[in-house]
């Protein structure tokens, strides 16, 4: 609430014309960077392919380096590569000249970021990489520059004005570096065939870890399944629905295959025949189910999209009994784990 009051007081202090100008400037910066990204998309060529292949073939790790704002982007990209299957580390070029060059060894690949391409602090690490015969991927906006001279593979970024009115503050250039680095990381990840399980192993915590959790790790197992045979009478069905605390009963055939589901809605719709009906006569056939390997976040979306509160889980990879339920998940289970 305090934050809302501060925002309101600030807006009252700013003239409506000034507010429109502020919004217009914000939109202008975003538009400038979007146009630059579109130019970068069109400029990608075989040097991008060569860079991806070199990173993929790296025996040890990808070393990223850059100075100033390019260095900040480089740190982020090293983390992105490491998280998506490519061992990577960042070396600050100034620190490299004071002993950290030892972090670069034969078997590495060096990725260097520089807008001008002539950042003096990069010379020692570039020269050392050449001495070790470490492949250098240079990213700069000027083809005739220090970085490009040392690079085995040079990726030239579109040489465009910064979004800064004085054409000084790194904005457009860093947006291009970030996008190109992400493009390299994602392309190499695909080339490696990195799976969801591989990504989850690198993201065990936080919201990403949750999103990559399979529903099989959250579901209630076989012992908690509210199941009844197709010929069960309604007293047994009602008992199963209430004792299971899921508000539903799954109906199975003699082989244990899920053939239907009974919910509160089914009871209301067939109220007049409940006294003498069997489970098969009341159930909804072909119930919506969730595969055991579906990600929990996708399972929550599935429940919401179909306006249901729970669903039985099937192991589709069990070729002998693909229709046999192995668990059940309720929307409250997913919400308790932090999904929303």
Quiz item: In the stretch 242-258, which residues are touching a strand residue (DSSP E or B) at 6+ places or on another chain (Cβ under 7 Å) and either touching a residue at least 60 places away in the same chain (Cβ under 8 Å) or crowded, with 18+ Cβ neighbours inside 10 Å (or both)?
Solution: 246, 247, 248, 249, 250, 251, 252, 258
Exercise. Taking the options 316, 324, 288, name whichever one is surrounded by fewer than 16 Cβ atoms within 10 Å (Cβ to Cβ), under 22 Å from residue 223 (Cα atoms), in the same structural domain as residue 236 (by TED's automatic domain parsing) and modelled with pLDDT of 90 or more.
Key: 288
Exercise. Would you check if there is a residue in the stretch 169-192 being outside any helix (DSSP H, G or I), without any contact (Cβ under 8 Å) to a residue 12 or more places away in the chain, more than 29 Å from residue 212 (Cα to Cα) and in the same structural domain as residue 55 (by TED's automatic domain parsing)?
Key: yes
Quiz item: Which of the residues that make up the stretch 145-168 are more than 33 Å from the chain's Cα centre (by Cα), in contact (Cβ under 8 Å) with a residue 24 or more places away in the chain and part of a loop (DSSP other than H, G, I, E, B)?
Solution: 145
Practice problem: For the stretch 200-240, name all the residues that are loosely packed, with under 14 Cβ neighbours inside 10 Å, in a loop (DSSP other than H, G, I, E, B) and either modelled with pLDDT under 90 or more than 34 Å from the chain's Cα centre (by Cα) (or both). | Solution: 204, 205, 231
Self-check item: Scope the stretch 242-251; condition at pLDDT 90 or above and farther than 26 Å from residue 295 by Cβ; matching residues
Solution: 249, 251
Practice problem: Within the stretch 264-282, track down each residue that is in contact (Cβ under 8 Å) with a residue 40 or more places away in the chain and surrounded by 15 or more Cβ atoms within 10 Å (Cβ to Cβ). | Solution: 274, 277, 278, 279, 280, 282
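Looking at this structure, is residue 297 out of contact with any strand residue (DSSP E or B) (no Cβ under 9 Å at 6 or more places or on another chain) and under 30 Å from residue 212 (Cα atoms)?
Numbers: out of contact with any strand residue (DSSP E or B) (no Cβ under 9 Å at 6 or more places or on another chain): yes; under 30 Å from residue 212 (Cα atoms): yes.
Considered against the rule, which asks whether it is out of contact with any strand residue (DSSP E or B) (no Cβ under 9 Å at 6 or more places or on another chain) and under 30 Å from residue 212 (Cα atoms), residue 297 comes out as yes.
Looking at residue 332, is it assigned by TED's automatic domain parsing to the domain that holds residue 220, out of contact with any helix residue (DSSP H, G or I) (no Cβ under 6 Å at 6 or more places or on another chain), under 16 Å from residue 227 (Cβ atoms) and outside any strand (DSSP E or B)? It would help to see each step written out before you state the result.
Details: assigned by TED's automatic domain parsing to the domain that holds residue 220: yes; out of contact with any helix residue (DSSP H, G or I) (no Cβ under 6 Å at 6 or more places or on another chain): yes; under 16 Å from residue 227 (Cβ atoms): no; outside any strand (DSSP E or B): yes.
No, not satisfied.
The values are calculated or read from the model by the stated rules, or taken from the named source; none is laboratory data. Since the model is a prediction, treat every value here as computed from it, not as a measurement. Using ideal geometry, Cβ is built from the backbone for each residue, glycine included, and neighbour counts are taken over all protein chains shown.
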